[in-house]
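Have a look at the structure below before the remarks.
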Ligand SMILES: NC(=O)c1ccc[n+]([C@@H]2O[C@H](COP(=O)([O-])OP(=O)(O)OC[C@H]3O[C@@H](n4cnc5c(N)ncnc54)[C@H](O)[C@@H]3O)[C@@H](O)[C@H]2O)c1
């Protein structure tokens, strides 16, 4: 094990969680923060006892002692240029989804990471939700046989819909269903998506933000199996950033139904009535423990950098997810099923699962 120096660019909601997860972790020798909102920078830097804190992320890019960078900025237009700068400077990169706005940008980042032998992974946090990991393991171990069909229905509050819609015109397919597309392609691997039919509904968010309220898509895979993802962001305001998810995975030998609807903890107060705490997608700290997937995902990245291992999510996975949600956007716009082109080269294919245990070369500047 090698201790690593880590930088975090953007310490808002997710970046703040990632900074807390890194602070005091034995893998981390130093934590460096960059955030353009000065009060938030100070708050997180004080809390995490960061080694340095700056409003200019280029200070982190130019700091040769920093091994790896977590990029948690918004709007999402910042992901590709900041990731490109960090990879060019020889940093391992953890980038929040989406990997980029265009496939060509994703391709450039993937090629850059490979050419410099750097670890590059994308924040698909739901793979670190133990219930979701259980579904994957049940397929891998053959408990439910071969997957036949699956459904994920995910709804979040309109507070979040407004936050996302207010900063960028990306669809719920690109910003929300993306987690579930990634999860289901992971479960159905090595099957490939071949066709997508999607429908969007525009009754609430269209007038305020010009984005749909929800999307429902059917994705056909190359062996004839299929999955459905529904994702919406117009639930009434609830426990800040409440999320509710159902999963049905049906296989040849069994089925798994997952209730991740966060109705299991109910708080009732004179002041605020009934609330459903610990119910956000990334999770939150509860005293001495973390409830949710984001802390485990962050520590996984630290471990991978420290030991020189390929992270669970490869950028090629994120690229295929992008192909699916872009096809869903196109299908919804044109009202017809959209074909997903076969990979041009093996470089477009996710590396096999066994790669996750291969040692990667740690690049040092
Ligand atoms: N994995 C998950 O469960 C999950 C959940 C929510 C959001 N996300 C993703 O994480 C990303 C961050 O989302 P969020 O909700 O934390 O957003 P946020 O708006 O709360 O935080 C983003 C922060 O980046 C800062 N920032 C913007 N430009 C910067 C720059 N040039 N240098 C330094 N800081 C800069 C902003 O000031 C802000 O504080 C989004 O792209 C989103 O897609 C992932």
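Each reported figure results from applying straightforward, stated rules to the coordinates on display, with no laboratory input. Being a predicted model, the structure only gives us computed values, none of them experimental. Note that we place each Cβ from the backbone using ideal geometry, even for glycine, and neighbour counts take in every protein chain shown.
Quick notes on this structure:
- Rg over Rh [alpha-carbon atoms, Kirkwood Rh] for region 173-309: 1.02
- Segment residue 1..residue 303, full-extension length gain: 107.9 nm, with 0.36 nm per residue of separation and the alpha-carbon distance subtracted.
- Computed over region 231-347, Kirkwood Rh from alpha-carbon pairs, angstrom: 18.4
- Label-zone membership for region 259-303, site residue 40, 7 angstrom Cα→C-beta point, backbone N under 18 Å: 281-285
- Pairs of Cα atoms farther than 15 Å apart, region 258-298, %: 51
- Each helix, a run of at least 4 DSSP H residues, gives -39500 (n - 2.57); summed and divided by the residues of the chain, these come to -9500 deg cm²/dmol at 222 nm.
- One equal scatterer on each Cα of region 276-338, no solvent, Debye formula: the resulting log10 I(q)/I(0) at q = 0.14, 0.15, 0.25 Å⁻¹ is -0.68, -0.73, -0.97.
- Gap separating the Cα centres of region 80-102 and region 219-289, nearest whole Å: 29
- Orientation-averaged projection of region 79-190 equals 8.6 nm² [convex hull of Cα atoms, one quarter of hull surface area].
- Inter-part distance where region 1-76 and region 160-194 are each reduced to a Cα centre, Å: 26
- All-pairs Cα distance distribution in region 306-346, expressed in whole percent, bin size 10 Å: 25, 38, 23, 10, 4
- Ranked by the mean number of other Cβ atoms within 10 Å per residue, highest first, peptides 145-156, 196-207 order as 145-156, 196-207.
- Hydrodynamic radius (Kirkwood) for region 1-97, which is based on Cα pairs only, to one decimal in Å: 12.9
- Pairwise Cα inverse-distance average, inverted: Kirkwood Rh of the chain (Å): 21.0
- Length-normalised contact order for the chain - Cα pairs under 8 Å, 6+ apart - percent: 19
- Area projected by the alpha carbon convex hull of region 123-168, averaged over all directions, nm²: 4.7
- Scoring 179-190, 1-12 by mean Cβ neighbours within 10 Å over their residues and listing the highest first yields 179-190, 1-12.
- Calculated FRET value between residue 291 and residue 345, using beta carbons and R₀ = 56 Å, to 0.05: 0.85
- Fully extending the segment from residue 274 to residue 206, taken as 0.36 nm per residue of separation minus the present Cα-Cα distance, adds 21.5 nm.
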